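The values are calculated or read from the model by the stated rules, or taken from the named source; none is laboratory data. What you see is a predicted model; the values in this text were computed from it and never measured. Positions of Cβ are generated from backbone atoms using ideal geometry, with glycine treated the same way; all protein chains shown enter the neighbour counts.
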Amino acid sequence: MSAEVKSIPMFMALVRRDVKLAWSQGGGAMLALGFFFVAVSLFPFGVGPAPQVLARIAPGVIWVVALLAAVISLDRLYQADYEDGSLDDLMLSPIGPIGISAAKVLAHWLSTTLPLALLAPAMGVLMNLPDQAYGTLILSLLVGTPALSLIGSVGAALTVAVRRGGVLMLLLILPLYVPTLIFGVGAVDAAMSLTDPLPHMALLAATTLIALVVGLFASAAALKLALE
Amino acid sequence: MSAEVKSIPMFMALVRRDVKLAWSQGGGAMLALGFFFVAVSLFPFGVGPAPQVLARIAPGVIWVVALLAAVISLDRLYQADYEDGSLDDLMLSPIGPIGISAAKVLAHWLSTTLPLALLAPAMGVLMNLPDQAYGTLILSLLVGTPALSLIGSVGAALTVAVRRGGVLMLLLILPLYVPTLIFGVGAVDAAMSLTDPLPHMALLAATTLIALVVGLFASAAALKLALE
Amino acid sequence: MHRFANPAQFNRLADAILPWATGAFVLLLGAGLYYAFFDSPPDYQQGESVRVMYIHVPAAWMAMFTYMVMAVASFTALVWRHPLALLAGRAAAPIGAVFTALALITGMLWGKPMWGTYWVWDGRLTSVLVLLFLYLGYMALWQAIDEEEKAGRAASILALVGVVNIPIIKFSVDWWSTLHQPASVMRLDGPTIDGSMLMPLLLMAGAYQAYFAVVFLWRMKLEINRRKLAVARQVSMHAPVGAE
Amino acid sequence: MGNDLMCRRGGRIVFDGLKFEASAGDFICLRGSNGSGKSTFLRTVCGFLPQAHGRLVWSVGGDESDHLPTEHFIQSGHQNGLKPNFSLRDNASFFVSLASGETVSHQDMRAAAAVFDLEHLLEDSVQYFSSGQRHRAALMRFALVRRQVWLMDEPTVGLDAANREALGQLIANHVAHGGIVIAATHDPLGVEGLELNMDDFQPKITVADEAWL
Amino acid sequence: MGNDLMCRRGGRIVFDGLKFEASAGDFICLRGSNGSGKSTFLRTVCGFLPQAHGRLVWSVGGDESDHLPTEHFIQSGHQNGLKPNFSLRDNASFFVSLASGETVSHQDMRAAAAVFDLEHLLEDSVQYFSSGQRHRAALMRFALVRRQVWLMDEPTVGLDAANREALGQLIANHVAHGGIVIAATHDPLGVEGLELNMDDFQPKITVADEAWL
Ligand code: HEM
Ligand SMILES: Nc1ncnc2c1ncn2[C@@H]1O[C@H](COP(=O)(O)OP(=O)(O)OP(=O)(O)O)[C@@H](O)[C@H]1O
Ligand SMILES: Nc1ncnc2c1ncn2[C@@H]1O[C@H](COP(=O)(O)OP(=O)(O)OP(=O)(O)O)[C@@H](O)[C@H]1O
Ligand SMILES: [Mg+2]
Ligand SMILES: [Mg+2]
């Protein structure tokens, strides 16, 4: 019986647990969604309700806030498990550090960033986003959000040993989010102005792929360090 | 020796401790400031660098992000003390629940929201805010931010017993922040368009006063409840 | 105080009122709808769309009224530790949320023809939206804390904090001159609305009141029974554990 | 001092019919199996939890009152109330200034630290303490602040033999000077006193009929 | 199995020159005052902390290796690794599926819970447990998953007398069936075994010259 075959159910169990935790009372997913919803709906108050101004800034605001919501929920990706001791148990499971971070990132994406992408059209309505941009908005978020989870995972793992490493994580990962943000907003802006969003999308997808490779290895290394 | 006289040094000790904690490694103040800085500077990436668009939305963006930064740091205003047991010790101190929430709100304002107000002009530069609005921006934040700390304190105290009550707190307090936001942005917008910001400022100050009265009592009641 | 605390007594009282309230609701609603949609003139400015008023205005009134019921119940619960008052607040909240949502939705639908937009961020609309969030927050707090009494008292504190919002809703139109209509019925110097419109409006308002009474009493009874059931379940779950 | 107490948590009755009395110089050792309500009892005495039934009476200098003024007692619970980022000295001096509004002299601080052999750790940040060191740091409060009534929840947890003995002596000493100590523990403390076994006060009917009232 | 181990934490040497050997059927009771390095030692054996010096050798079925594959051991530390929002059953079944990839039968679950008398709490959410109940819930893992080597850090904390006895029996039983148990504790466990006193391995010079290397 090879170790790989045996690890699949463990991997799935971890993903399931994390999704369940994220959605259980006080979990991070609700927080991120609530933050996303509330923060976007504050902008019309702040900026004023002029429809064309709102529309002009809609893609930027939605992407920036989605990104901030992801950061907020990533803050405790490993921290909670570290504090209650279950990170020890995870690290002793046969799936190993890479498996753990892959499972946790997948769970985070499924439970938190994916719902953000699905909620985005509603935010588009609040921000008076033109009709032609909705498809691209969702698509760009679907393609781009895994990069948010992956990059965030590195920051979360690096700061896990630092109590309330929040700032540190913010400063570490937000610069790394900039490419994703630029390409994501670029795609939606292109769709809004009826030009071709494809080049932006391609770059966005490339960013996500790079994040996949680098993110998992870096997270795993950082996690091992955290327990020392 | 009256209880009031004796309580003053205790009150000051609590304020000092909380300010020190907020600024110690991984404290909430750095996180809030970092968040404020990074989130505002993402907007030019998200919205695009057109100066007149940025200027148009600058007061709104700065106020909304300051508000979100305050919320993030308020999340654990009482939670941290609750989790490590020091809330028990605080509640047994002679200063009583109202004194505790007053001290903690004061410390939060001094350590976190006040620096936000002072950092705001720098964010104004990033967002291309017109020169005539800087004074009003700082002033509106100085007058309005105590309300953020006070209202937030109620939410934080109500959700302290809820594990990771973050979402709930968001849902509870952000609607209550809306008046502060509207009057604050209104003042800055008025200054920007060279009209009189005074009526907005007066309303903002009134909101803060109401928050002072309601906030402290409600926080104290909620704190007592939390320990049950 | 505790004479009314007795749930059995409350149940008896509720059973006595319920049929009357239900009857009143049916009659008032029938009459109100008839007058509103068939026997009242269209407005000279607003045309037929004025008929939204008969749904919108009483809903807005009830949104505020229900909040006050909730707030009074919360106050009673906090000061006198009255368990029935906790349940009263809990029973009222969803009704109030529905009224608020109804006022918002009908207002938005009415706004499109009248103001040319579904939504503006003015004082009245904003404060009603805040009211909806307060209802939701109140219910969410009840949900979030497992220990019922604690949950109820936490929610009560929130309800009392939110009372500040009620005068803002009421007077926002006077404080900031905005798109929304100022008060024309509930004002100190008497209504300024025409009788042909006032009558169906009052009928509808009565119907909403009766509806509130019916659902509120019914939900109270439900809450009481639910508590009894929970207690009974705990008896069966934990009885063998006790160190006899 | 306590009479026919009943306490409820999460709708369940934890203990019922508890009677106890403590006067100056008494040591009460709370015993009972896990979940029997020792911590609940201590938190009720602190005033954090309301008693569902019965009355707690404190008589201080002849006056009777329902609540013991916080100047008279001090407690330590399952959590330690220490800020991991702060040094032990900072934690201790904050505790003193919050409890009494005074600042603690260097000498008193060292004396208090010496009780549980913590002098060499005074300047270290609490986050690097071992579990036992941390618990000792939490117990240091009893040597820092003068209060008549001490409420201790499982004070022996994680202590090595030498420190358990120090704890026993601290308690014995306090009791000998007219203090009152109520301690919940599963370990022997080596101090003579009254035993109060929570297992004796388990509710007969687990859920009272009027529990929901 | 371990040879001349030295371990460093935060630049300080915690213990030095530690030698130990354990084979099937051994129970090693780690003793030592607070801060002597018991927890550090256990975490080193788990592989969380690197040893600064010396070698840990595991021989499984004749093969020698530096790291013990995680399929062979199980540990419980100062924190309990339980999710407070989940019921005990959910916590336990997640632990099993993560450790072994299998699902646990209803019967096995009840049997494991019975070891520390937790059957009636299986459906309750862990956040409402008393401290001892919580600790027992954490110890339940040893009854849930079959592993040869058990590493336990202060397993007796907060347990009442009956459960301490159950713990002693659980350990004795495991050892009798060829298991290896290494437990750090300040309490008597009532199981015969080797004692390893960490106080014997305190570093001679507290700061080694090559500590910074
Ligand atoms: C979402 C949008 C709206 C909201 C939240 C809203 C909310 C309210 C509220 C709370 C009241 C009760 C005020 C009081 O008793 O003083 C009210 C009354 C009223 N509303 Fe609206 N409204 C909305 C849209 C509209 C629109 C579009 C119209 C029509 C132009 C309208 C016409 C009225 C009228 C005529 C009254 C009765 C005023 C009186 O006689 O007291 N509302 N609305
Ligand atoms: N994370 C850390 N960083 C630096 N030093 C640490 C850290 N954790 C513990 N120490 C130090 O290492 C030494 C050994 O600690 P350890 O936790 O192993 O002790 P222990 O024998 O388990 O004590 P106890 O009986 O109190 O649990 C202590 O002096 C402690 O201060
Ligand atoms: N916050 C809570 N909400 C509801 N029930 C609780 C809560 N805390 C504890 N309980 C329950 O109350 C009972 C008594 O708990 P308590 O903590 O007082 O026990 P204890 O005697 O201190 O036990 P231990 O020896 O394990 O510390 C337990 O059955 C526990 O499950
Ligand atoms: Mg206890
Ligand atoms: Mg240890």
Scanning region B:76-125 for residues that are within 21 Å of D:G47 (Cα to Cα) and of a type in the set (F, W, Y), which turns out nearest to the other protein chains (Cβ to nearest Cβ)?
-> B:Y82
Which residues, counting only those in region A:192-206, are farther than 12 Å from A:L139 by Cα and modelled with pLDDT of 90 or more?
-> A:P199, A:L203, A:A206
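What are the residues in region D:71-86 that are surrounded by fewer than 19 Cβ atoms within 10 Å (Cβ to Cβ) and within 30 Å of B:R76 (Cβ to Cβ), if any?
The first filter runs over region D:71-86 and keeps only residues surrounded by fewer than 19 Cβ atoms within 10 Å (Cβ to Cβ), leaving D:71-72, D:78-79, D:84-85.
Across region D:71-86, the qualifying residues are D:E71, D:H78, D:Q79, D:P84, D:N85.
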Cβ pairs under 9 Å, 6+ apart or interchain, first in region E:92-104 and more than 8 Å from chain A (Cβ to nearest Cβ) and under 12 Å from A:M12 (Cβ atoms), second assigned to a helix (DSSP H, G or I) and of a type in the set (S, T, N, Q), ordered by first then second residue, are E:T103/E:S93; E:T103/E:S97
D:R134 passes all but one of (1) within 13 Å of ligand 2 (Cβ to nearest atom); (2) within 13 Å of chain B (Cβ to nearest Cβ); (3) over 20 Å from B:D81 (Cα atoms); which number fails?
-> (3)
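Give me a count of the residues in region C:7-61 that are within 14 Å of chain D (Cβ to nearest Cβ) and either among the small types (G, A, S) or in contact (Cβ under 8 Å) with a residue 24 or more places away in the chain (or both).
First pass over region C:7-61, keeping only residues within 14 Å of chain D (Cβ to nearest Cβ): C:7-11.
Among the residues that remain, those that are also either among the small types (G, A, S) or in contact (Cβ under 8 Å) with a residue 24 or more places away in the chain (or both) are: C:7-8, C:10-11.
So the answer is 4.
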Qualifying positions in region E:32-81 - more than 15 Å from the chain's Cα centre (by Cα) and closer than 24 Å to D:R164 by Cα | E:G32, E:S33, E:N34, E:G35, E:S36
In region A:34-55, anything more than 15 Å from the chain's Cα centre (by Cα), within 7 Å of chain B (Cβ to nearest Cβ) and closer than 15 Å to A:M123 by Cβ is listed as A:V38, A:A39, A:L42, A:F43, A:F45, A:G46, A:V47
Just checking, how many residues over region C:36-94 are among the basic types (K, R) and buried (at least 22 other Cβ atoms within 10 Å of the Cβ)?
-> 1
Condition set part of a loop (DSSP other than H, G, I, E, B) and of a type in the set (D, E, K, R), scope region E:139-195, selection farthest from E:H72 (Cα to Cα): answer is E:D160
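When you scan region D:12-71, how many residues do you find that are part of a loop (DSSP other than H, G, I, E, B) and away from ligand 3 (no atom under 16 Å from the Cβ)? Explain how you work it out, then say what you get.
To start, the set of residues in region D:12-71 that are part of a loop (DSSP other than H, G, I, E, B) comprises D:21-26, D:32-37, D:47-52, D:57, D:61-62, D:66-69.
Filter once more, keeping what is away from ligand 3 (no atom under 16 Å from the Cβ): D:21-26, D:57, D:61-62, D:66-69.
Qualifying residue count, region D:12-71: 13.
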Going by the conditions given, is B:D88 more than 18 Å from the chain's Cα centre (by Cα), at pLDDT 90 or above and either surrounded by 21 or more Cβ atoms within 10 Å (Cβ to Cβ) or on the phi < 0 side of the Ramachandran plot (or both)?
-> yes
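With the requirement that a residue be touching a Phe, Trp or Tyr at 6+ places or on another chain (Cβ under 9 Å) and either of a type in the set (F, W, Y) or modelled with pLDDT under 90 (or both), what does region D:181-199 give you? I'd like the intermediate steps shown before the answer.
Taking region D:181-199 as the starting set, the residues that turn out to be touching a Phe, Trp or Tyr at 6+ places or on another chain (Cβ under 9 Å) are D:181-184, D:189, D:191-194, D:196, D:198.
Within region D:181-199, D:L189, D:V191, D:E192, D:G193, D:L194, D:L196, D:M198 qualify.
State whether the residues of region B:122-135 include one that is of a type in the set (A, V, I, L, M) and not in a helix (DSSP H, G or I). Walk me through it before giving the result.
If we filter region B:122-135 for residues that are of a type in the set (A, V, I, L, M), which is where we start, we get B:122-123, B:125-127, B:129, B:133.
In the following step, the residues that additionally are not in a helix (DSSP H, G or I) were identified as B:127, B:129.
Within region B:122-135, one or more residues are of a type in the set (A, V, I, L, M) and not in a helix (DSSP H, G or I).
Of all residues in region D:48-57 being away from ligand 4 (no atom under 16 Å from the Cβ) and in contact with a helix residue (DSSP H, G or I) (Cβ under 8 Å, 6 or more places away or on another chain), which is farthest from B:A222 (Cα to Cα)? Outline the logic, then answer.
Of all residues in region D:48-57, those away from ligand 4 (no atom under 16 Å from the Cβ) come to D:50-57.
Pick out the ones that are also in contact with a helix residue (DSSP H, G or I) (Cβ under 8 Å, 6 or more places away or on another chain) and you get D:50-51, D:56.
Numbers: D:P50: 15, D:Q51: 19, D:L56: 24 Å.
That would be D:L56.
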Hey, can you tell me all the residues within region E:156-183 that are under 25 Å from E:A24 (Cβ atoms), within 12 Å of chain D (Cβ to nearest Cβ) and within 16 Å of ligand 5 (Cβ to nearest atom)?
-> E:T156
Output the residues belonging to region D:8-67 that are at pLDDT below 80 and among the small types (G, A, S).
-> D:G10, D:G11, D:G17, D:A52, D:G54, D:S59, D:G61, D:G62, D:S65
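State whether one or more residues within region E:116-126 are part of a helix (DSSP H, G or I), of a type outside the set (A, V, I, L, M) and buried (at least 17 other Cβ atoms within 10 Å of the Cβ). First the steps, then the outcome.
Quick first cut of region E:116-126, residues part of a helix (DSSP H, G or I) only: E:119-121, E:126.
Retained after the next criterion (residues that are of a type outside the set (A, V, I, L, M)): E:119-120.
Now restrict to residues that are buried (at least 17 other Cβ atoms within 10 Å of the Cβ): none.
Scanning region E:116-126 turns up no residue that is part of a helix (DSSP H, G or I), of a type outside the set (A, V, I, L, M) and buried (at least 17 other Cβ atoms within 10 Å of the Cβ).
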B:L225 being more than 23 Å from C:I168 (Cα to Cα) and within 14 Å of chain D (Cβ to nearest Cβ) | yes
Given (1) in a helix (DSSP H, G or I); (2) more than 16 Å from the chain's Cα centre (by Cα), where does C:V120 come up short, assuming only one miss?
-> (1)
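Here is a list: A:L67, A:L31, A:L14. Which entry is within 12 Å of chain E (Cβ to nearest Cβ), assigned to a helix (DSSP H, G or I) and in contact (Cβ under 8 Å) with a residue 40 or more places away in the chain? Talk me through it step by step, then tell me what you get.
Numbers: A:L67 fails: within 12 Å of chain E (Cβ to nearest Cβ); A:L31 fails: within 12 Å of chain E (Cβ to nearest Cβ).
Exactly one of A:L67, A:L31, A:L14 is within 12 Å of chain E (Cβ to nearest Cβ), assigned to a helix (DSSP H, G or I) and in contact (Cβ under 8 Å) with a residue 40 or more places away in the chain, namely A:L14.
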Do we find that C:A154 is more than 8 Å from every other protein chain (Cβ to nearest Cβ) and part of a helix (DSSP H, G or I) in this structure?
-> no
Would you point out which residue out of E:L151, E:L189 is within 21 Å of D:V157 (Cα to Cα), buried (at least 19 other Cβ atoms within 10 Å of the Cβ) and away from every other protein chain (no Cβ under 12 Å)?
-> E:L189
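Checking the condition within 14 Å of chain A (Cβ to nearest Cβ) and either within 16 Å of ligand 2 (Cβ to nearest atom) or surrounded by fewer than 19 Cβ atoms within 10 Å (Cβ to Cβ) (or both), which residue from E:R31, E:R89 passes? Spell out how you get there, then give the answer.
Working: E:R31 fails: within 14 Å of chain A (Cβ to nearest Cβ).
None of the other options fit; the residue is E:R89.
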Yes or no: D:H120 away from ligand 1 (no atom under 16 Å from the Cβ), within 14 Å of chain E (Cβ to nearest Cβ), free of Cβ contacts under 8 Å to residues at least 24 places away in the same chain and over 17 Å from the mean Cα position of the chain (by Cα)?
-> yes
In region D:37-74, how many are within 27 Å of D:G101 (Cβ to Cβ), facing another protein chain (nearest Cβ under 7 Å) and of a type in the set (S, T, N, Q)?
-> 1
